[in-house]
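Notes for the one structure printed next.
The values are calculated or read from the model by the stated rules, or taken from the named source; none is laboratory data. All of these numbers come straight from a predicted model, not from anything done at the bench. Neighbour counts are summed over all protein chains in view; Cβ atoms, including those assigned to glycine, are modelled from backbone coordinates with ideal geometry. The accessibility values were calculated without ligands, DNA or RNA, using every heavy atom of the protein model including side chains. Shrake-Rupley method; radii C 1.70, N 1.55, O 1.52, S 1.80 Å.
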Amino acid sequence: MRVFRRLRSVSPTLLLAIPASVAAPLAGQNASDETPGLDLPPGYILPDQAIQDLFATDPNYATLDHMSPDGDHFVIPLSTELGTLAEVGEETLRLGMLEIRARTDRPWHLDIYGLYGFRFYSLSARSFTDVDLPDGIYVSDLMWSPDGSRLAFLAHLEERTEVWIADASDGSVTPAGDVHVITSIGTSSRGQGSAPSRMLQWTPSGSILTLAEPADRGGPPPPPALPSGPTIRHTRASATPTRTMPFLLEDAHGADLFEHYTRSQIVELTPGRPARRIGEPGMWESLSLSPDGRHVIATRLTRPFSYIASYTGFPRVTEVLEVESGDVLATLEERELREGGRGGGPGGGGAGDDPRGWEWRPDGSGIAYLHRAETERDGAEDDEAEAGRGGRDERPDRIMLLRAPFGDGDAEVVATSEDRISGVTYSTDGLHAFADVRRDGDAALVHYGLGGSDPEGHTLVSFHDPGDALELPGDLLTARMGNGIEYAWVSSDGGSAYLRGDGWKEDFRPQPFVDRLSIPDGTTERLFEGSRDSFDQPLVPLDADMERMIVSREGRNTFPDSYLWTPDGGMENLTRNVDPFPQLTAARRIDFEFTRRDGLEIQGRVSLPVDYVEGTKVPAIFWTYPREYRSEDDFDNATIRARNHNAYTNVTWLRWSDIWLTQGYALVYPDIPIVGENYNDYYISNMVDGMYAAMRAVDALGVIDMDRIGHGGHSYGAFATANFLAHTPFFKAGIAGDGAYNRSLTPMGFQAEPRDIWEAPHIYMEMSPFFKADQINTPLLLYHGADDNNSGTYPIQSRRMIQALTGLGKTAALFEYPFESHTPRAIENNLDMWARWIDWFDRYVKGAGKDDVRTTTDSGDGGDRGEPKDGGGARE
């Protein structure tokens, strides 16, 4: 039973078993007896009933976008953002940036949040079917059977993970086999319904491949009784810059634990039979079964590990195994340890001369991959020739096919391209290949007919700038087979493919579209285009000729639904979702534009309180997250993609939530762009200028009391909050969560900053609000997860910030939430957090002017709402 169910079933004062002595409304608490200072109650507290009611409301609704291969059934995941303190607080091993629950051999998040269940929808019957799952379960890795009648999934039980199968016709559930599944690195938050599983694969006969506990596993390696020597850190043969990461391997025992908890055995599960082992145990990360079920591409991690890199940079081997015998038939790729930069990701992705992009062809002909043509270099003379071409590699790129049995002589060249190929999608009949190609930053779509002996490519979509949002022609429409193999959607006569586009518009009212694309000549015909007055998205085509399609429709004040679309304009509402938050949906939202003093036009939105009275001015919280852009064009295009005036605002419990609207506050979300070739050279001036311009525009709307405004932000937004308070006098209070305030603690780069501290020491210092803490004369509430797993945002960042503010006599508080990572997930912590946020703003923002509560020390810097310091943008 998930969080909102529990909230409905208990009384508010006993919410989630928080002791009644501490879980009372904030107003009823006494000040802490430990030290004099701010009136901050200890223990957990609750916000008012309106907020508790929102947390107790199930936000789930049906979207028909995960269709079965039979074209009739859809799976509708049911998710939650939050768990309980008991769930969050279970023992977690943190090894090489992998966070594992040792008791159950799975990533920690699969015990805390995500999918707690799912439903089925039948298009032919126009009906939903509930799936009865045990209370307290989480699920992931939803995978349709080849015939679409069943759904396999990982059932994350209290003691272990198992593979279960749900029947789409009646919702019944049965185990696929009696094995303890190892999910430590085979699944992730991406594998919870929105992407194909990397560790569940259906065979054509109806059995399932997965990763299980090895027979020879034994217990975890014990720690040494005494250290065998000092911990040694050493430099590398060449410069190896790394980002600041909190949970790296620290010693040999940690490395042994990592291998123990990630090592698994590939098995085949058939209901009613013992599991059949395939091959040898290894640190298996991903499986991809061939369409005929005879072979599997499998990737495993290998040693050596690293003490300075995440496990995503550890060495990997990608192999082809025969399912029947378990024999390794071929090694496709051996990737070495990657320590520099951000580390690599899983799977085949070679660079330079390496083969890359290993994947099964959907027609079953073999393994497709890409490989640059080989060349014989002629020493310095050849180097000079390449330098004369600007370093561009002019060797042809090649589309390759590796047929069974996958030996050295089984590879063949399918087609070649003078331009770099970024990816290829095939039709299910093997007659068409569609290549995404790149030339000098531009993109094009090229078609290769595979029926002949030497296919020639011809361009279907001409070269265009992929960064120009308004001119994008759309992307090739694709679908996936049951095991996740992607294929191109082609008409029944083989003469057309389809393009799906986002339809971005300059007025921020996008109109997604679907075009029919003629394969012989590249001409297009518009089949579908969304309305100007709502946000309509094509979700799933139902037939090869696009005679029927599932489309979603939503509006600024219209809750989303899924519809059956037909070319004659028919739109049948299939889901008829019930809006769980009608009062928030009805909130008035004002989109506005403002101009920074350098002429840059920027967008923002104001959402007004649910009880807003026309003609009044209300207090507001500005919530921002600065983003970096090389040029004004980059920013303009990013804004067009990000802003959607026709979209519904989904409710979240996290951070910039509409929860504020239930408490009498408006929520203001302006863009804060940082623009320039070395963008952070302009960070402070851009953010101050941008905020000043945003405030002037908001003031002109006549709905916000500009003498009662606060600022909030999370992560890089927390960093921005502290900087706004240090460099401007605009705000009465601030909220900053899980931020990094001292950039000398992230010396090898941060966020999008590519330079290290030795290249740009002045930027690191200027941008760090820690070094300007003496200028923060505004009450600041800090919060931080005690086990923050994000790069650079160690809890020490907030601890040192509160130390500085305390030593300087400022008004501030730090709430450090137990067991939490970079985003708080425990319901108890979230309710406490919201209670304290609301109280902080009620005290210092909503009540501004009643008492002099700005700070315990007033340096005289920016005491009134005059011009900002540091050459900011308050002057015209």
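What list of ³J(HN,Hα) values in whole Hz, one per residue of the stretch 266-282 in order, does the Karplus curve 6.51 cos²θ - 1.76 cosθ + 1.60 (θ = phi - 60°) give from phi, with Gly and Pro shown as x?
With coefficients 6.51, -1.76 and 1.60, one gets 5, 9, 10, 9, 10, x, x, 10, x, 5, 9, 6, 10, x, 9, x, x Hz.
Roughly speaking, what is the stretch gain from SER228 to ASP756, that is 0.36 nm per residue apart minus the C-alpha to C-alpha distance, in nm to one decimal? Walk me through the intermediate numbers first.
Numbers: separation 528, 0.36 × 528 = 190.08 nm, distance 3.52 nm.
Extending this stretch completely gives an extra 186.6 nm.
Heavy-atom accessible area of LYS505 with all protein chains present, probe 1.4 Å, nearest 10 Å²?
Rounded to the nearest 10, that gives 60 Å².
Specify the angular offset, from 0 to 90 degrees and rounded to the nearest 10, of the alpha carbon long axis of helix 379-388 from the longest principal axis of the alpha carbons in the chain.
Tilt relative to the chain: about 60 degrees.
In what order, largest first, do TRP758, TRP284 sit by accessible area if the probe radius is 1.4 Å? Walk me through the numbers on the way to the answer.
Working: TRP758 170, TRP284 10 Å².
The residues order as TRP758, TRP284, largest area first.
Among DSSP beta bridges lying fully in the chain, give the percent that are antiparallel, nearest 5.
Numbers: 143 of 172 bridges.
Around 85 percent antiparallel, to the nearest 5.
Ordered by residue, what ³J(HN,Hα) values in Hz, to whole numbers, does the stretch 302-309 give under the Karplus form 6.51 cos²θ - 1.76 cosθ + 1.60, where θ = phi - 60° and Gly and Pro are x?
9, 7, x, 8, 9, 9, 10, 10
Which cross-chain or sequence-distant (5 or more) residues have an amide H under 5 Å from the amide H of THR84, H modelled 1.01 Å from N in plane?
Hits under the 5 Å cutoff: ILE827.
TYR783's amide H: which non-local residues (gap 5+, or another chain) put their own amide H closer than 5 Å, with H modeled 1.01 Å from N in plane and none for Pro or chain starts?
Distant-sequence amide H within range of TYR783: ALA736, GLY737, ASP738, PHE815.
For the stretch 526-580, run through the GluC sites (Glu not before Pro) and keep only the ones in DSSP coil with at most 14 other Cβ atoms within 10 Å of their Cβ. Let's see the in-between values first.
Values: sites: GLU529, GLU547, GLU554, GLU572; in loops: GLU547.
For GluC sites (Glu not before Pro) across the stretch 526-580 that sit outside H, G, I, E and B with at most 14 neighbouring Cβ atoms in 10 Å, the list reads GLU547.
Per DSSP helix of 4 or more residues, -39500 (n - 2.57); summed, then divided by the residues of the chain. What does that give at 222 nm, rounded to the nearest 500? Working shown, then result.
Values: 12 runs with 120 residues, N = 876.
About -4000 deg cm²/dmol.
Under the classification rounded if a/c is under 1.5, otherwise prolate if a/b is larger than b/c and oblate if not, where does the stretch 458-502 fall, given a ≥ b ≥ c as square roots of the Cα gyration tensor eigenvalues?
Numbers: a/c = 2.60, a/b = 1.57, b/c = 1.66.
Note, shape of the stretch 458-502 comes out oblate.
Sort the stretch 104-210 into rounded, prolate or oblate with this rule: let a ≥ b ≥ c be the square roots of the eigenvalues of the Cα gyration tensor; rounded if a/c is under 1.5, and if a/c is not under 1.5, prolate when a/b is larger than b/c, oblate otherwise.
prolate
How would the stretch 487-555 be classified by its alpha-carbon gyration tensor: rounded, prolate or oblate, with rounded meaning a/c under 1.5 and the a/b versus b/c comparison settling the rest?
On the way: a/c = 3.05, a/b = 1.69, b/c = 1.81.
Oblate.
GLY366's amide H: which non-local residues (gap 5+, or another chain) put their own amide H closer than 5 Å, with H modeled 1.01 Å from N in plane and none for Pro or chain starts?
Amide H neighbours of GLY366: ARG361.
As I understand it, the value is the acute angle between the Cα axis of helix 683-701 and the longest principal axis of the Cα atoms of the chain; what does it come to in degrees, rounded to 10?
That helix lies at roughly 70 degrees to the long axis.
What is the angle, in °, between the Cα long axis of helix 716-727 and the longest principal axis of the Cα atoms in the chain? Nearest 10 is fine, range 0 to 90.
That works out to roughly 30 degrees.
For ILE308, project a label point 7 Å along Cα to C-beta. Then give me every residue of the stretch 749-785 with its amide nitrogen under 18 Å of that point.
Taking a point 7 Å out along Cα→Cβ of ILE308, the residues of the stretch 749-785 whose backbone N falls under 18 Å are 749-750, 755-759.
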